[in-house]
Amino acid sequence: MSRRALGRAVATVEPPSRRGRTTERPDAVVVRLLSFTARVTSDCPALLRDIASLYPTASVGPGRSAGLPTVWFRVTETSVGRRGRRLTVRASDGQGGSFGSADQALAYLAYQIDAAAAVGLARYLLIHSGAVAHGGSAILMPGASGAGKSTLVAALALAGFRYLSDELAVVDGAASAALPFLKPLCLKAGGWTTLQAAFDTRQSPLNAVRPDGEQVFYLVPPRPCALERRLPIRSILMPVRRTGADAVLAPISRAQTLAELARHSLNLPRHGPAAIEALARVVEGAACYTLTYEDLPAAVATVSTLVGRRQPVRRSLSRQLRSTTDVSRA
Amino acid sequence: MTTESLSLPEQRPGVTSRQGRTDGPAPERPARVRRADHVAARFVEGELVLYDARRQRVHVLNATAAATWQLCDGEHTCADIVRALSASYPGESKSAIEQDVVEVLDLFSLEELLHT
């Protein structure tokens, strides 16, 4: 499956003078998440292609063609014994690790890139929240780890919503708007099982153990939002997955919603009272609900109804999942 | 970051409150009560939200707690606040309002929202 077949519309395009070099063997991939840039160099092209396939905003090419990155990673492959190999990752901050498989190294890189990007984007308000878009407006779904944010976001994106992030809502407080943070979708085992039950799947995502010890499944985010587009936040949904519950939206007060956004903020102390004022403006411009559900398609249908979207069509995941085939730019 | 809702109790005098202490004489507190400088307040759709920048806590106040908070301006004593709220809620007994005000001021103190 080619990169184009994955529906990526936001891949970085090299200047014309650089395009002649794309036939070179790639030795670097550059991941851009808003103003944050990570560059990964390696003599292992398959790994670079895998990274590029996970990030909609990644570009593969000669490492020297990239600008100054925010952080960089160097991955080297060494043989161990007759058939074994190890991949050693070294980061610009001195951290790193050694991994027995490419998938483990990839999971480590994705985790570190996403974490570094969150640090690099600290001038924005960062909310632990899923986020999708519809009709030019953003929908935030804040929640703690394990609340089902990523699974719900994945389902909504597969149903036609635009993907902004499964875990980190980047909020421009001055504009009361969300920006896309196009990290890979990262589902825990339960979430992946739930998604598989709701959508046809024929390919396997990247399955690895994250540096925090969690077994996760990385997916290519479907339908990513256009890069650096600011979307006014019009809906805030607190997802609550509960056994036996019908999919129901229940209004909650804007003050309580503000408190919830503050609770799930990752960098409120950095912004202080200005953040509260910004979040107050956000909730004042948004419809605020708790979304209680058990059945994922029913939750998607409920959100679709809320925003006036046609009922979702059951879609196959097979064309949305990670691919390790050709990702060179057309 | 934690969030809490500060609410006055539904029950009236005689209940156990204030961190398990049985009601008795109102605790001693400074003659005038004043909001701490590290607390920011913002009304959102009629509800008052407090942000404690020092302890990284957010509180959502109910109407009576919010009214009490607004009178914690360094100009009013506990008795002044009781009088003001009694005027605002003529249907409530003064003793009940006094109980509530003492209780919410206790909560404010416990949460370090007041200037000491």
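The values are calculated or read from the model by the stated rules, or taken from the named source; none is laboratory data. For clarity, every value in this text was computed on a predicted model and none was experimentally measured. Cβ sites come from the backbone with ideal geometry, for glycine too, and all protein chains shown count toward neighbours.
Of note:
- Tabulated pairs, segment B:80-102, first surrounded by 16 or more Cβ atoms within 10 Å (Cβ to Cβ), second among the small types (Gly, Ala, Ser), C-beta under 8 angstrom, 6+ apart or interchain: B:Ala84/B:Ala67; B:Leu85/B:Ala67; B:Ile97/B:Ser86; B:Glu98/B:Ala26; B:Val102/B:Ala26
- A:Ile276 being within 18 Å of A:Ala144 (Cβ to Cβ), at pLDDT 95 or above and over 24 Å from the mean Cα position of the chain (by Cα): no
- Take the conditions (1) surrounded by 14 or more Cβ atoms within 10 Å (Cβ to Cβ); (2) under 16 Å from A:Leu47 (Cα atoms); A:Thr70 misses just one of them, which is (2).
- Flag for B:Gln56 being facing another protein chain (nearest Cβ under 9 Å) and among the polar types (S, T, N, Q): yes
- Residue that is surrounded by the fewest Cβ atoms within 10 Å (Cβ to Cβ), among those in segment A:137-170 that are polar (S, T, N, Q) and in a strand (DSSP E or B): A:Ser137
For every residue, the table says whether it meets (1) under 22 Å from A:Phe217 (Cα atoms); (2) out of contact with any Lys or Arg (no Cβ under 9 Å at 6 or more places or on another chain); (3) modelled with pLDDT of 75 or more.
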position	(1), (2), (3)
A:Ser2	yes, yes, no
A:Arg19	no, no, no
A:Thr22	no, no, no
A:Val29	yes, no, yes
A:Ala38	yes, no, yes
A:Pro56	yes, no, yes
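- Qualifying residue in segment A:91-100 (condition: of a type outside the set (Phe, Trp, Tyr), within 19 Å of A:Ala299 (Cβ to Cβ) and part of a strand (DSSP E or B)): no
- The residues of segment A:175-229 that are touching a helix residue (DSSP H, G or I) at 6+ places or on another chain (Cβ under 6 Å) and surrounded by fewer than 18 Cβ atoms within 10 Å (Cβ to Cβ), listed by number, are A:Arg210, A:Pro211, A:Gln215.
- Boolean, A:Ala198 is over 24 Å from A:Leu109 (Cβ atoms) and touching a residue at least 12 places away in the same chain (Cβ under 8 Å): yes
- Qualifying residue in segment A:122-136 (condition: out of contact with any Leu (no Cβ under 8 Å at 6 or more places or on another chain), part of a strand (DSSP E or B) and not hydroxyl-bearing (Ser, Thr, Tyr)): yes
- A:Leu266 being within 24 Å of A:Ser145 (Cα to Cα) and within 14 Å of chain B (Cβ to nearest Cβ): yes
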